[in-house]
1. Which of (1) part of a loop (DSSP other than H, G, I, E, B); (2) closer than 30 Å to residue B:320 by Cβ is the odd one out, the single condition residue A:153 does not satisfy?
2. Checking the condition without any contact (Cβ under 8 Å) to a residue 12 or more places away in the chain and more than 14 Å from chain A (Cβ to nearest Cβ), which residue from B:425, B:411, B:444 passes?
3. Please enumerate the residues belonging to the stretch A:18-67 that are touching a residue at least 60 places away in the same chain (Cβ under 8 Å), assigned to a strand (DSSP E or B) and of a type in the set (Val, Ile, Thr).
4. Restricting the search to the stretch B:377-401, which residues are at the interface with chain A (Cβ under 9 Å from one of its Cβ atoms), assigned to a loop (DSSP other than H, G, I, E, B) and over 25 Å from the mean Cα position of the chain (by Cα)?
5. Please go through the stretch B:118-166 and give me each residue that is of a type in the set (Val, Ile, Thr), within 20 Å of the chain's Cα centre (by Cα) and surrounded by fewer than 23 Cβ atoms within 10 Å (Cβ to Cβ), ordered by number.
6. Does at least one position in the stretch B:470-477 carry a residue that is surrounded by fewer than 22 Cβ atoms within 10 Å (Cβ to Cβ), within 14 Å of chain A (Cβ to nearest Cβ) and modelled with pLDDT of 90 or more?
7. Kindly list, by first and then second residue, each pair from a residue in the stretch B:243-254 that is farther than 11 Å from residue B:222 by Cα and assigned by TED's automatic domain parsing to the domain that holds residue B:149 to a residue that is surrounded by 15 or more Cβ atoms within 10 Å (Cβ to Cβ) and not charged (D, E, K, R), limited to pairs with Cβ atoms under 6 Å and residues at least 6 apart or on different chains.
8. Against the condition more than 9 Å from chain B (Cβ to nearest Cβ) and at pLDDT 95 or above, how does residue A:104 come out, does it pass?
Amino acid sequence: MLTVTNVTKKYKNFLANDNVSFSINDGEVGVLLGPNGAGKSTIIKSINGLLRYSGTIEINGIDNRSIEAKRQIGYVPEIPALYDTLTVAEHLEFIRRAYKVEDVKRADELLERFELLDKKKKMGKELSKGMQQKVSLCCALVHDPSVVIFDEPMVGLDPHAIKELKLLFSELKAEGKTVLISTHMIDTVEDYWDVANIMMGGRIAATKHNHSENSDEKSLDELFFEITEGTTKEA
Amino acid sequence: MLSATLYRIRKDLAKKLWVPILALIAFAFAIFMIWTGSMASEDSDVVRNLELSIGAINVITILVFDFIFMSGLNSGAVGFSTADVNFHMAGPFTPKFNLILASGGIAKLCALFLWVLCCQSTTLSLMFGFNAKDLIALILGNMLTMCLGYAAGSFLCAFFNDNEDAVRKVKIGFYAVNVIFVAVSFALLYKSHGSIDAIKALGIKGIISGIGSATPAKFFPFAGWINLIYTGIAYKNSFYLIVGIVVTLALIATIVALYLKCDVDYYESAMASAQKLADLKEAKRAGVDTDTAKVNEKVKVGRETLTKGWGASVFTYRHFLENSRASKLFFINYLGILYRIISFGYGMMMDKVIGMDSPEATIVAVMVMMIMLNGVVYGGGKTILEFNRPYIFMIPEKASKKLMACLSASVPEILFDSVLCGAMVMYFGHMGIAVGICTAVMMVVFDFLFQLVGLLSLRIFKSLGRTLLIMLRTLLGYGLILVSFIPALIVSLVSGGVSIAVIFAVAAAVGAVITGILMIFAKDLIDKVEFV
């Protein structure tokens, strides 16, 4: 479970996140929606312990900056940050050893799933952007985290990889993992989201649940455009 | 067109006010260095030798021309960004005007080189007996040579854009001019001195004087023609002066005419290189430093792979693996070796210039050079690059453990490099093993000090931007090393002089204390630095 409570992040005079609070339960796929500059990446980085902020973020009830919490997080950054002279297989081996994962087969399973087995010996610098993104995805999953955070995961992926990734989201959900996806492309998440937080100007402008029984409620699309075009509303 | 460009530059400068301020400070510092340099020649017992001064000015200018012309020829169309391609090339600007824009990039390099030259005024004055007029002539002559040399090189690059054969022929011609110049100069020197031994006996200064002031140097394209003006002024020779002025003006007119009259089509290669530049920028944003990317270009996967490390220690073994791939041996840092070669060359030169009578002075000069270069190598080492990727922050280990794992990966290369430094000091100073060991220990301490200053700068100066951060961390590192030497120098002054080994040992001890304090501050750095 991921709980974000009253998180505020300032860059000099710019308020990137203003008192942001939301939570995602186990077995739920949460999405962070919002236009460019809404503060999605900032909150994602804060959750991953990459930024300093005020407020509280907990991973399964533990402070996100603790070692125990770090062990439970998997993160796919917006821009893949691979090591130039490490091969694809070595990237996964590096993460496996760093996270002290005994299971050596998982890396190969992930590589096979994302069609990277034939690229195992390619170095980071030799991969295309899409391939780098796939390696980044595998690195985030190699230690079998219980909370997986994706920052714009579809960017640069080919249709097959997008299909595989969508399937992966569903599987993670079925396994009871907590999934958070940040994106500004609503159509990519419409099939499997459980809770959507729409960000605007560093704040959560609206929160919408997918299992709402109220048929009069606006669709996620409608709500998003209503908010981003100027009106803030609780759904 | 021009006003739009100037507007953009003005807006850029308004956003970065520190740039003009820093430029003003740098300019004032350069003037000060020229002034102190000219004082040095007056105060010292170096006898002014006009032939040597003119010769040295010519040789320096010829070397500068060679470098800048080749830069223009190799990358004339490369000085464009994607913004230039999108706005200028697609906009209502002529290709010739856009080509001038590209020179903005090289102007920065020229300014930096001239500033470094100004900072070397004292050394140049002591070596060649330059007075204030010589220094000003050297700076102005080099400035003009760089501008015209780059303009000519980049024009040829653009003109022969899609003709590799033609570019190769231009390069062959360029090398031929240099070879002929060196051959004829040495032939003349041989003719006037009669034997190789007699030439050797002249020493470096004598050879520079002989080559630089001979007729071939006066005919050397660009550099020789431009320097004829000062040769005329210095020798009060109106013929040289007039010929120099006429040829230089003709050269300027020719280059302007080439730019105005010739059709140049270079957009395709400019776009390709702008894309390369954009990719490099993106790589830098993602954490891959440009210099590292260049070093990594030729790296290939070998038989070795990642088989060691568990938890934080995997950082150490990953660094070893990357080092092995880059240089075959995990304890060799290519950049460090390159800088050691530069230090050795500098040491050889200083040994000749300062002379065998004062090995301590040579040691000091070599030591300063080695420390300055190591500030660059280790101030921006691989541990700092780790902070450009999320892994060091996210891996579930104690911050101090991860930091130590990264730092310990640099131990083998620091040890190897420090042994080289010790050996060099022993060689140049004709000193014993004690001095070598003290030097090596001191360099180990200073290298770690540079690394820690670099790391702490991430916390203190990160918000100031990359350029200022690098500048401040380097200055801070040098400052702390100066502080390390103060107690040793006080001991030396009070006791009326102590051995070099003692000075280095005391500096190493004080440096170790400072490094220890920095280590305490840096211990939990990973938890405090932000990954932006």
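1. (2)
2. Criteria check complete, one pass: B:411.
3. A:20, A:24, A:29, A:31, A:59
4. Within the stretch B:377-401, B:389, B:390, B:395, B:396, B:397, B:398 qualify.
5. B:122, B:123, B:139
6. no
7. Listed pairs, sorted by first residue: B:243/B:228; B:245/B:229.
8. no
The values are calculated or read from the model by the stated rules, or taken from the named source; none is laboratory data. This structure is a prediction, so every number in the text was calculated from the model and none was measured. Don't worry about glycine lacking a Cβ; one is built from the backbone with ideal geometry, like all the others, and counts go over all protein chains shown.
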